[in-house]
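These notes concern the structure reproduced below.
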Amino acid sequence: MTLSAAALDILGVEYGEISPEQEIVRAIRQGFSIRLASQIATRFNIPESKLAQLIGITPRTLARHKKGEKILTQATSDRLYRLARVIALAKEVFESEATAKDWLNRPNRALGGTKPLEWLDTDAGVEQVVDLLNRIDYGVYS
């Protein structure tokens, strides 16, 4: 399974005749539901305040969206996909959802003693975490 397909699986998006990459773009443009964002947060032990930060909205906006079962904007959906992509990579590297969840939520020396999850609110932070996961995968972890 490709990383794109694995991220779609986390997001609960099915794809058929088009490639996972094309489906991702379509789904992001359409917008993910706030319910999906909450389900991912629950599944991976992400506090709602942290989820709001990771997808670029305030906790108050998150609560308001949950009340109205709103669809996320394209930009917010893109950030949710970014989170799902990193989770999918962690699952692939550690070969276990439980281990990936634990790794994302545990302070890491290579990230200055902060949790990898803390880095996922910016593209630059995502790159750092992805780089670290790739080093772990290739045995170059330092």
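The figures follow:
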quantity	calculated
Residues located in the stretch 54-75, provided they are assigned to a helix (DSSP H, G or I), over 20 Å from residue 88 (Cβ atoms) and either in contact (Cβ under 8 Å) with a residue 40 or more places away in the chain or not small (Gly, Ala, Ser) (or both)	59, 60, 61, 62, 64, 65, 66, 67, 74
Flag if residue 14 is at pLDDT below 95 and in contact with a Phe, Trp or Tyr (Cβ under 6 Å, 6 or more places away or on another chain)	no
Pairs with Cβ under 6 Å, 6+ apart, first in the stretch 76-101 and more than 19 Å from residue 20 (Cβ to Cβ) and without any contact (Cβ under 8 Å) to a residue 12 or more places away in the chain, second hydroxyl-bearing (Ser, Thr, Tyr) and surrounded by fewer than 22 Cβ atoms within 10 Å (Cβ to Cβ)	none
Of all residues in the stretch 8-34 being among the charged types (D, E, K, R) and assigned to a loop (DSSP other than H, G, I, E, B), the one that is farthest from residue 85 (Cα to Cα)	17
Considering residues of the stretch 17-30 that are within 11 Å of residue 5 (Cα to Cα) and of a type in the set (D, E, K, R) only, the residue modelled with the highest pLDDT	23
Total residues in the stretch 83-107, condition on the phi < 0 side of the Ramachandran plot and surrounded by fewer than 18 Cβ atoms within 10 Å (Cβ to Cβ)	9
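The values are calculated or read from the model by the stated rules, or taken from the named source; none is laboratory data. For clarity, every value in this text was computed on a predicted model and none was experimentally measured. Because the Cβ atoms are built from the backbone with ideal geometry, glycine has one as well, and the counts that use them run over all protein chains shown.
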